[in-house]
Amino acid sequence: MTTKVEYALKSHRRDGFIEWIKGLLAVPFVLHSEPAAYIQGVESWTEATNITRQQYAAIMSDIEQLIEDQLDNDRKGTPHLAKIRHLVPSIGTFFTKLPLEEAFYAQDAKRAISCRRLVSPSFNDIRLILNTAQIMTLASGHEPLKLVTLDGDVTLYEDGQSLTHDSPVIPVLLELLKRDIAIGIVTAAGYADTSGTRYKERLEGILVKVRDSTELTPAQKRNLLVMGGESNFLFRFSVDSATLVYVDREEWILPEMMKWEENDMQSLLDLAEEVITSCKHVMNLKGEIIRKDRAVGIIPLPGQKMIREDLEEVVLGTQRRLEFSECGRKINFCAFNGGSDVWVDIGDKRLGVKALQRYLGQISGRQTLHVGDQFASIGANDFKARLAACTVWVANPEETNDALQELCVHIDKHATKRLKREA
Ligand code: IMP
Ligand code: MG
């Protein structure tokens, strides 16, 4: 549980692991920075570039070893002995090894990280190196990748938009289905209507392409699923209906969710609504409160905007109040800042991803990749998915597209190598 003071200092907005790596890479950067480089000409810094590249690579290789040490200790039942847990106390659990040195070289070739003499390795440089490393391991086939779950807003489409016919990410999603990898769209957007009308409208682009595909087998088409409201409503593509069909809760619900009583869930939402309403009045927010079966939120009034700081205040206030309530201890919930709105949902993406893994046949965290944009430690809803799956942290739908293309390229490269070895 993060304290209010930490929140006020914005530690929740920083990722401890990424900040730590940034600090390590800052050392070679500073030692080989060349203030005179742009005065003396480009050629003068080739040597500095080569040395910095080697040193950055050596640091990434050392971090790679530290992650292996954590995996070893976790396997041996001595997690407290993992060195990286002492160095970065906020570090999470890793599902796989991460080939960080190789991933660094790949991203360095694209982003010229070690060529820079005046701009140090950034948060985004490191985030993308980690993404590439995760993709490389998952594609290597040691443990075949079986499920890719994707967040909706900001990951698959721009905030509040839809997957339209021309969405550039659709072809690569079809490529994953063709490789027998299931796709689960795990979104906070919750529409209780079992006809799935709103999901069908928002995802129409991909539904039509899957329906009309002559390359996908019926089994591959059924591998397209939507988990809405974080972990509340499951839909699956049906070949007979040629669209999404509601899956009864009994078929997929996790044992830990079965214990939740309806009156506790409603009490939790009542309490959240009360706090959000107080915030609205005290801060004079230009928003409207929306109550749903499994969620409550505040959205901007038409033509109005709520500022980020106020949205975060609402998230923090509500989260704190719920954490200290009786119903909040019985029911998992997710309070987050959606960019222009705030929501409290029953359930979270850990449960959403886990339910899909179980429903599709005991898929493990090592065989699952979740792609999302919200990985800050509080007030962000993809963060919880880290407890169930490997993750890739994107900043926009273009990055999602790039990451999935990269995944397919690596999967195919490894498949070709395997075929050659077997021939
Ligand atoms: P995601 O990024 O796909 O998880 O979707 C998050 C966005 O969905 C939020 O920022 C809201 O704008 C929207 N949304 C619509 N209905 C709900 C709901 O019931 N709970 C949470 N978010 C919702
Ligand atoms: Mg999102």
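Just so it is clear, none of the values below were taken in a lab; they were calculated from the coordinates. Values in this document were obtained by computation on a predicted structure and should not be read as measured data. Every residue, glycine among them, receives a Cβ derived from its backbone with ideal geometry; neighbour counts consider all protein chains shown.
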Semi-axes of the equivalent ellipsoid of the chain: what are they in whole Å, largest first, if each equals the square root of 5 times a C-alpha gyration tensor eigenvalue? 36, 29, 21
So, for the Cα atoms of region 290-357, Rg and Dmax in Å stand at 13.1, 41
First select every other residue whose beta carbon is under 9 angstrom from the beta carbon of Ala82; then total the charges, Lys and Arg +1, Asp and Glu -1. -1
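Using only Cα atoms, figure out Rg for region 289-423 and give it as a multiple of 2.2 N^0.38 Å. List each step's numbers first, then the result.
Values: Rg = 18.9 Å, N = 135, 2.2 N^0.38 = 14.2 Å.
Relative to the 2.2 N^0.38 Å estimate, region 289-423 comes out at 1.33.
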If each K or R counts +1 and each D or E counts -1, the residues other than Gly303 whose Cβ falls under 14 Å of its Cβ total +1
Range of Cα positions in region 74-231 per principal axis (Å), largest first: 50, 43, 30
If the cut-off is 17 Å between C-alpha atoms, which aspartates and glutamates fall inside it for Lys110, apart from same-chain ones fewer than 8 positions away? Glu101, Glu102, Asp125, Glu398, Glu399, Asp402, Glu406
Would you work out which of Ser364, Phe375, Cys408 lies farthest towards the positive end of the dipole of the chain? Charges go on Cβ: Lys and Arg +1, Asp and Glu -1. Ser364
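Assuming 0.36 nm per residue, please report the length gained on full extension of the stretch Leu387 to His142 beyond their Cα-Cα distance.
Stretched fully, the Leu387-His142 segment lengthens by 86.1 nm.
Could you work out the helix-only [θ] at 222 nm for the chain, with each DSSP H run of four or more residues adding -39,500 (n - 2.57) and the total divided by the number of residues, to the nearest 500 deg cm²/dmol?
Values: 18 runs with 205 residues, N = 423.
Calculated at 222 nm, the ellipticity per residue is -15000 deg cm²/dmol.
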Equivalent ellipsoid dimensions for region 188-324 as semi-axes, Å, which come from the Cα gyration tensor, largest first: 35, 20, 11
Potential lengthening between Arg111 and Arg358 on full extension [0.36 nm per residue; Cα-Cα distance subtracted]: 85.1 nm
Note, Gly287: beta-carbon cut-off 10 Å, +1 each Lys/Arg, -1 each Asp/Glu, net 0
Lysines with Cα under 16 Å of Lys305, excluding same-chain neighbours fewer than 8 positions away: Lys280, Lys286
Compactness summary of region 1-141: radius of gyration and Dmax from Cα atoms, Å, are 17.0, 56
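If the limit is 31 Å between Cα atoms, which of Lys83/Lys417; Lys97/Lys420; Lys178/Lys349; Lys178/Lys200; Lys221/Lys417 go over it? The partial results should precede the final answer.
Details: Lys83/Lys417 35 Å; Lys97/Lys420 25 Å; Lys178/Lys349 25 Å; Lys178/Lys200 22 Å; Lys221/Lys417 28 Å.
From the list (Lys83/Lys417; Lys97/Lys420; Lys178/Lys349; Lys178/Lys200; Lys221/Lys417), the Cα-Cα distance tops 31 Å for Lys83/Lys417.
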